[in-house]
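The values are calculated or read from the model by the stated rules, or taken from the named source; none is laboratory data. This one's a predicted model, so the numbers in the text were calculated from it and none came from an experiment. Every residue, glycine among them, receives a Cβ derived from its backbone with ideal geometry; neighbour counts consider all protein chains shown.
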Amino acid sequence: MTAFVFVCSAIFASAQAEQQVPTEPVVPSEPALQEEPAPKFTPTVDIQLRGRLSLASENSKFGVKCDFLRVTLKSQLTKDLSLLFRQRLNKAITNGDFMSATDYLYLAWIKNGWELSGGKHWIACGGFEYQATSYDIYIPPIFYDGLGGMYNYVVNAARYFGKDRLCLQVSNSLYSTTFSNLLGYSLLWSGRRGVWEYHWSVNFFERAKGDYNQYFCLGNRFHTGPVVWDLGLAHRMDLAQPTFFKDFSAVAKLKYTPFPWMAVFGKATWDYKECIADPMLPDDTNIWQAGGGFEFFPFKSYRLLRLHCVYFNRNGSTHFFLAGLSCQVDFHIGDKR
């Protein structure tokens, strides 16, 4: 009996010793990391309606007119592909061609510093005057006004270098209709370095097959605090009979914005032609314009409503006055990222 008790005691003591041996803590296994799916791209659409209404006078004649009315649609179709459409609502559709009142209708693909685009777009001429919307131009140069805007069917290939953009464009000629078999070739360099912003181009447009007019367009803008200066020159000549400073348009503009709700500006233009290089201007053109005005934004938080008052004269004999308002309404559809 004593031996049995002794054996049982030994077995119990051994079991107690095994229970006191520390064991490694059990660490729960971490769940496998799952990659979050990339956010799904949502196409966006921006719609913009812009208009400008003015009480206008020319010498003793005056009246109210709609200077400008247009609708713009911008859509980001994918991360790299976008669409732009802009239609003028105060411009007549001629010859049953809806596109005659269309400024823009083109697709643009931009990726890794490259851009390919095509459709109806502005001709790649340098100078801020030719790229600005008519909404912001009160004193247009005669050459620009005669063109009615530099829009045509184009194909662009562009490369971005930091803040610079170099664009090669093939288009219908400025002097052509859609199927006249006349082409234009343009090279545009644009960008900004410090206070200097630039749009420079060299352009070749066929007047007849194999007969080219050549443009140099130099647009310069200087940002100096609340003051912005524009200096531009568009020089035109016939490549077969090159002449210098016989056919050109020059623009100088100063805009001063002392307060967010007000801007004043002065502007001068000069259109000159004494040769037959460019048919867009009549022969023996020598027209200068000078004037200025102010813009007033009555609502500090809503700069899309603008009042304007502008005076300028042409060759010292014809006087123009504009006073009115401009308004812009924006709509957005899709996610804002």
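Tell me which residues, restricted to segment 197-218, are at pLDDT 95 or above and either in contact with an Asp or Glu (Cβ under 7 Å, 6 or more places away or on another chain) or among the hydroxyl-bearing types (Ser, Thr, Tyr) (or both).
Answer for segment 197-218, where residues must be at pLDDT 95 or above and either in contact with an Asp or Glu (Cβ under 7 Å, 6 or more places away or on another chain) or among the hydroxyl-bearing types (Ser, Thr, Tyr) (or both): TYR198, SER201.
Scan segment 318-334 and give yes if some residue there is out of contact with any Lys or Arg (no Cβ under 6 Å at 6 or more places or on another chain), hydroxyl-bearing (Ser, Thr, Tyr) and farther than 30 Å from ASN213 by Cβ, otherwise no.
Within segment 318-334, none of the residues are out of contact with any Lys or Arg (no Cβ under 6 Å at 6 or more places or on another chain), hydroxyl-bearing (Ser, Thr, Tyr) and farther than 30 Å from ASN213 by Cβ.
Just give me the residues in segment 165-175 being surrounded by fewer than 19 Cβ atoms within 10 Å (Cβ to Cβ) and either of a type in the set (Val, Ile, Thr) or modelled with pLDDT under 95 (or both), in sequence order.
VAL170, TYR175
Just checking, does segment 206-226 include any residue being of a type in the set (Val, Ile, Thr) and in contact with a strand residue (DSSP E or B) (Cβ under 6 Å, 6 or more places away or on another chain)?
Within segment 206-226 (the criterion being of a type in the set (Val, Ile, Thr) and in contact with a strand residue (DSSP E or B) (Cβ under 6 Å, 6 or more places away or on another chain)), the answer is no, since none of the residues qualifies.
Is it true that HIS332 is of a type outside the set (A, V, I, L, M, F, W, C), in contact with an Asp or Glu (Cβ under 6 Å, 6 or more places away or on another chain), surrounded by fewer than 17 Cβ atoms within 10 Å (Cβ to Cβ) and touching a residue at least 12 places away in the same chain (Cβ under 8 Å)?
yes
Looking at PHE245 and the list (1) in a loop (DSSP other than H, G, I, E, B); (2) among the aromatic types (Phe, Trp, Tyr); (3) within 23 Å of PHE265 (Cβ to Cβ), which single condition is not satisfied?
(3)
If you take just the strands (runs of 3 or more DSSP E) that sit entirely in segment 128-229, which of them hold at least 2 residues that are more than 21 Å from TYR104 (Cβ to Cβ) and of a type in the set (Lys, Arg)?
Hits in segment 128-229: 183-193.
Of all residues being under 18 Å from TYR135 (Cα atoms) and either surrounded by 16 or more Cβ atoms within 10 Å (Cβ to Cβ) or among the aromatic types (Phe, Trp, Tyr) (or both) in segment 54-68, which is farthest from the chain's Cα centre (by Cα)? Just the residue, please.
ALA56
Please verify whether PHE312 is assigned to a strand (DSSP E or B), of a type outside the set (Lys, Arg), surrounded by 11 or more Cβ atoms within 10 Å (Cβ to Cβ) and touching a strand residue (DSSP E or B) at 6+ places or on another chain (Cβ under 7 Å), treating the condition exactly as stated.
The answer is yes for PHE312.
Among the residues of segment 116-124, is any surrounded by fewer than 18 Cβ atoms within 10 Å (Cβ to Cβ) and of a type in the set (Val, Ile, Thr)?
Checked against the condition, which is being surrounded by fewer than 18 Cβ atoms within 10 Å (Cβ to Cβ) and of a type in the set (Val, Ile, Thr), segment 116-124 yields no hits at all.
If you check GLY162, GLY219, GLY191, GLY210, which single one turns out to be of a type in the set (Gly, Ala, Ser), surrounded by 13 or more Cβ atoms within 10 Å (Cβ to Cβ) and on the phi > 0 side of the Ramachandran plot?
GLY191
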